[in-house]
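Below is one structure; the comments refer to it alone.
The values are calculated or read from the model by the stated rules, or taken from the named source; none is laboratory data. This is a predicted model, so every value here is computed, not measured. Cβ atoms come from the backbone with ideal geometry, glycine included; neighbour counts cover every protein chain shown.
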Amino acid sequence: MSDMYRAEVPQYGTLLALVDRVNRETLARDPALAARLDRTGECARLSDERHGAIRLGTPQELALIARAFAIMNMVAVGYYDLAAAGIPVHSTAFRPVDEAALRRNPFRVFTSLLRLELIEDPELRAEAAGILDKRQIFTDGLLLLIAKAEREGGLDDADATSFVGELLETFRWHAQATVDEPTYGRLLDAHRLIADIVSFKGPHINHLTPRTIDIDAVQAAMPGEGIVPKEVIEGPPRRNCPVLLRQTSFKALDEAIAFPTGDGGFVKGRHTARFGEVEQRGVALTAKGRALYDALLAEQFKDAGADAFARFPDDWTQLRREGLAFFRYSVIENGDGACNSGAVADTLDAAIAAGQVTADPIIYEDFLPVSAAGIFRSNLGDGAPSPYRANADRTAFEAALGAPVKDEIGLYAALEAASRDQVCRQLGVIA
Ligand code: OOG
Ligand code: NI
């Protein structure tokens, strides 16, 4: 998918090269960080893509894509209501959830579903529904392979390779719209995003996002590479102890497309939808930490000049002691590689203080609705849209999905608890 997207959107290749350069320069400046990433095996895949995004048109498409992702052990985590920010979709992220899979490849797909019921004009709503009902976003080959994987509990190597090739087709860009120019115009007038979702053959990947270890440097260097970044980095400000997720993107490109004229011919048009993004992740926050983050974000929003986030503790020990963030506990190995056993202390805290146990931040693997709305907005090229007068509809989303989305905070809490229990058993201390 990375190769395909680079070929489709050359500026994305420029962004990847920039991110790789910034990451290498950052590592050269910070040997301690380099050593840590080396230890955790992160260096090899440092600048690789960490997420991408697609936008689906119907509940049936969501159900189908969920089955395809399930074959790769990617499940829907989190529910994001974007209607509150004036964007007529709700979303989830398909991602691996177990530790080994995350360590190997934490790639996620931010997946949005159009909320047709938010199109005000009933005629246009019906027309859009009719167009979407007629399309099939999966190849026949993919449908067969999904059925086979479900029947047999997986795919052999050859089938797995075919599966990846067939699924890639779903994400490919089609410069030919499936609707005529007047229809596209009406959809565009309803919302730019609606035109992007309804007018094409399938849910083209609309961005990919490599990981950077210095997002401020990438943001600052974009213009020098001929890339126009969005105005601000989304998420928390730069800190000593990074929390959650910071992200920025380059503005969607103006691309040539063609509309069918109905008599076998085509007319030329333009469309903006596809862009590139970068992300930098920090520690996952507990419900308490997240509530504080959301409150400070709201405060910052009201008064852009304020430094609301200064009130969010920026010290690992404090974040842990105050129960604001999640940590993975482990017993520090002796110099000879053997694990310590037998406690020098009788509580976990004392064992940490004595240097027998480390508490490493658990990385946030999910997304932030306010940030996501900022990314959407900067790439839709219109002014601040007014919020839809509609509530989140998680029930409808989960009905389409065929299962509840997983609760991200619960996943982090379980990881932390498992590591804590393991350490306590190993050392015979109490938590
Ligand atoms: C998704 C925008 C949200 C993120 O990283 O928060 C997103 C889209 O534009 O389809 O990708
Ligand atoms: Ni994104």
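For segment 326-381, which positions are hydroxyl-bearing (S, T, Y), surrounded by 15 or more Cβ atoms within 10 Å (Cβ to Cβ) and modelled with pLDDT of 90 or more? Steps first, please.
Filtering segment 326-381 down to residues hydroxyl-bearing (S, T, Y) leaves 329-330, 341, 347, 358, 364, 371, 378.
Next, from what is left, pick out any that are surrounded by 15 or more Cβ atoms within 10 Å (Cβ to Cβ): 329-330, 364, 371, 378.
Hits for segment 326-381 are Y329, S330, Y364, S371.
Is it the case that some residue within segment 190-207 is within 16 Å of ligand 1 (Cβ to nearest atom) and over 30 Å from D133 (Cβ atoms)? Show your work before the answer.
In the first step, residues of segment 190-207 are kept if they are within 16 Å of ligand 1 (Cβ to nearest atom); the result is 191-200, 202-207.
This time we only want the ones that are over 30 Å from D133 (Cβ atoms), so: none.
Looking through segment 190-207, none of the residues is within 16 Å of ligand 1 (Cβ to nearest atom) and over 30 Å from D133 (Cβ atoms).
So which residues in segment 278-315 are surrounded by 13 or more Cβ atoms within 10 Å (Cβ to Cβ) and among the acidic types (D, E), if there are any at all?
Matches in segment 278-315: E279, D294, E299, D314.
Every residue, every condition in (1) assigned to a helix (DSSP H, G or I); (2) not aromatic (F, W, Y), yes or no:
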| position | (1), (2) |
| --- | --- |
| I194 | yes, yes |
| L208 | no, yes |
| A220 | yes, yes |
| T248 | no, yes |
| F259 | no, no |
| G262 | no, yes |
| E279 | no, yes |
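For the structure I just gave you, tell me whether V232 is within 19 Å of the chain's Cα centre (by Cα) and at pLDDT below 95.
So V232 passes the test.
What number goes with the only condition from (1) farther than 30 Å from E416 by Cβ; (2) within 16 Å of ligand 1 (Cβ to nearest atom); (3) assigned to a strand (DSSP E or B) that A252 does not pass?
Just one mismatch for A252, condition (3).
Which one of L16, L33 is over 19 Å from the mean Cα position of the chain (by Cα), away from ligand 1 (no atom under 15 Å from the Cβ) and in a helix (DSSP H, G or I)? So that I can check it myself, show each step before the final result.
Values: L16 fails: over 19 Å from the mean Cα position of the chain (by Cα).
Selected residue: L33, the only one of L16, L33 that is over 19 Å from the mean Cα position of the chain (by Cα), away from ligand 1 (no atom under 15 Å from the Cβ) and in a helix (DSSP H, G or I).
Those residues that are surrounded by 12 or more Cβ atoms within 10 Å (Cβ to Cβ) and over 21 Å from the mean Cα position of the chain (by Cα), I need them from segment 36-50; list them, please.
The initial filter retains those residues of segment 36-50 that are surrounded by 12 or more Cβ atoms within 10 Å (Cβ to Cβ), namely 36-38, 42-43, 45-50.
Matches in segment 36-50: R36, L37, D38.
Quick one: which residue in H174, H204 is more than 30 Å from R320 (Cα to Cα), away from ligand 2 (no atom under 16 Å from the Cβ) and assigned to a loop (DSSP other than H, G, I, E, B)?
Values: H204 fails: away from ligand 2 (no atom under 16 Å from the Cβ).
Being more than 30 Å from R320 (Cα to Cα), away from ligand 2 (no atom under 16 Å from the Cβ) and assigned to a loop (DSSP other than H, G, I, E, B) holds for just one of H174, H204, which is H174.
With (1) among the charged types (D, E, K, R); (2) without any contact (Cβ under 8 Å) to a residue 60 or more places away in the chain; (3) not in a helix (DSSP H, G or I) as the list, and E299 as the residue in question, which single condition is left unmet?
Going through the list (1) among the charged types (D, E, K, R); (2) without any contact (Cβ under 8 Å) to a residue 60 or more places away in the chain; (3) not in a helix (DSSP H, G or I), E299 breaks only (3).
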